[in-house]
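> After the structure tokens below, expect a handful of questions from me.
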Amino acid sequence: MSILTAAGISIRFGGLTALQDVGFALNPGDVLSIIGPNGAGKTTLFNIVSGLYTPSSGSIHLDGKDITNNSPERLARLGMSRTFQNLQIFFRMTALENVMTGRHRWEKTGVWGDLFAMPGTWRQNAESRRVSLALLERVGLSGQADTLAGNMSYGALKRLEIARALATEPRVLLLDEPAAGCNAVETAEIDELIQQVARSGVAVVLVEHDMRLVMKISSHILVLAQGRTLAEGRPEFIRSHPEVIAAYLGAEAAGAGRA
């Protein structure tokens with residue numbers, strides 16, 4: 001059974017139709033990449049799925065439950081987490097503290113518990129610290145737990161943001177251009193991390209322009225053009241699709257996907 005489905009998604013901004021009748025289905029452990037030229041509607045679709053935009057029509061279901069128009073906070077509690085194209089990091093906090101902020105979904109005590117140092121708060125904070133340290137190790141940043149985020153490399157910050165998203169223990173992880181701005185080594189680290197997350201059973205949806213990364217890690221690809229679905233299918237199908245090549249990939253990029 002699909003864990004995440006979108007059907008008939010359309011949205012208009014004034015007189016402009018940004019998306020029209022777009023849909024997809026995602027199973028646990030799948031990696032779905034959404035690609036297309038600039039202005040194709042990729043980020044708009046992402047923002048609808050993650051609760052930032054309200055679609056004009058269509059529906060989204062998470063594990064069979066209609067989540068259309070749910071807030072991002074509600075979606076986090078239901079098991080969906082996302083990152084953003086531009087880093088959303090607390091630069092004056094340590095790497096560990098950044099990841100611990102992602103544990104809010106699981107924290108039951110509030111400000112009074114912290115103020116009066118109640119035993120339940122101690123246990124909660126200790127558990128959040130334990131889980132966050134394990135996530136830093138998972139993304140290859142265990143040695144930088146106490147490093148201020150502002151002193152970390154760009155590639156490390158990309159992985160840190162993924163660690164924080166994983167701290168909510170999502171069933172669906174949305175990644176908005178996770179390799180944007182990364183060099184070849186950093187991209188390879190992101191590549192391995194995404195595959196590792198998918199192997200754990202988490203469904204992954206990403207918007208990405210790095211075609212080598214997309215072709216390597218995707219189980220399914222959705223291609224958008226001018227707000228509509230141009231093609232969808234497995235990487236080998238998309239790589240050789242003539243309309244995709246003409247509209248987006250180009251012959252050279254299609255050949256690179258075979259490398």
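The values are calculated or read from the model by the stated rules, or taken from the named source; none is laboratory data. Just so you know, these numbers come straight off a predicted model, no measurement behind them. Quick reminder, even Gly has a Cβ in these numbers, built from the backbone with ideal geometry, and neighbours come from all protein chains shown.
> Give the residues of the stretch 57-80 that are at pLDDT below 95 and hydroxyl-bearing (Ser, Thr, Tyr), sorted by residue number.
71
> Still on this model: So which of 30, 66 ends up being charged (D, E, K, R) and without any contact (Cβ under 8 Å) to a residue 12 or more places away in the chain?
Just a single option satisfies the conditions, and that option is 66.
> Here is a further query. Checking residue 139 against (1) under 21 Å from residue 105 (Cα atoms); (2) exposed (fewer than 14 other Cβ atoms within 10 Å of the Cβ); (3) hydrophobic (A, V, I, L, M, F, W, C); (4) in contact (Cβ under 8 Å) with a residue 12 or more places away in the chain, which single condition isn't satisfied?
So the condition that residue 139 fails would be (2).
> Let me ask something else about it. Return the only residue of 68, 101 being among the β-branched types (Val, Ile, Thr) and farther than 25 Å from residue 135 by Cα. Lay out the reasoning, then the answer.
Values: 101 fails: farther than 25 Å from residue 135 by Cα.
When all the criteria are applied, what remains is 68.
Matching residues to (1) of a type outside the set (Gly, Ala, Ser); (2) in contact with a Lys or Arg (Cβ under 7 Å, 6 or more places away or on another chain); (3) assigned to a loop (DSSP other than H, G, I, E, B):
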position: 156; (1), (2), (3): no, no, no
position: 189; (1), (2), (3): yes, yes, no
position: 216; (1), (2), (3): yes, no, no
position: 245; (1), (2), (3): yes, no, no
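> Scan 156, 180 and give me the residue that is more than 20 Å from residue 104 (Cβ to Cβ), at pLDDT below 95 and surrounded by fewer than 24 Cβ atoms within 10 Å (Cβ to Cβ). Give the derivation first.
Values: 156 fails: at pLDDT below 95.
Checking each option against the conditions leaves just 180.
> May I pose another question? Output the number of residues of the stretch 38-60 satisfying the condition of being surrounded by fewer than 16 Cβ atoms within 10 Å (Cβ to Cβ) and not β-branched (Val, Ile, Thr).
Of the residues in the stretch 38-60, the ones surrounded by fewer than 16 Cβ atoms within 10 Å (Cβ to Cβ) are 38-39, 52, 54, 56-57, 59.
From what's left, not β-branched (Val, Ile, Thr): 38-39, 52, 56-57, 59.
Summing the residues that are surrounded by fewer than 16 Cβ atoms within 10 Å (Cβ to Cβ) and not β-branched (Val, Ile, Thr) in the stretch 38-60 gives 6.
> Against the definition (under 27 Å from residue 235 (Cβ atoms), touching a residue at least 24 places away in the same chain (Cβ under 8 Å) and surrounded by fewer than 21 Cβ atoms within 10 Å (Cβ to Cβ)), how does residue 1 come out, yes or no?
yes
> Hey, another quick one. Is there any pair with a first residue in the stretch 170-192 that is aliphatic (A, V, I, L, M) and a second that is assigned to a loop (DSSP other than H, G, I, E, B) whose Cβ atoms are under 6 Å apart and which are 6 or more apart or on different chains, and what are they?
173/202; 174/50; 175/83; 179/210; 190/178; 190/179
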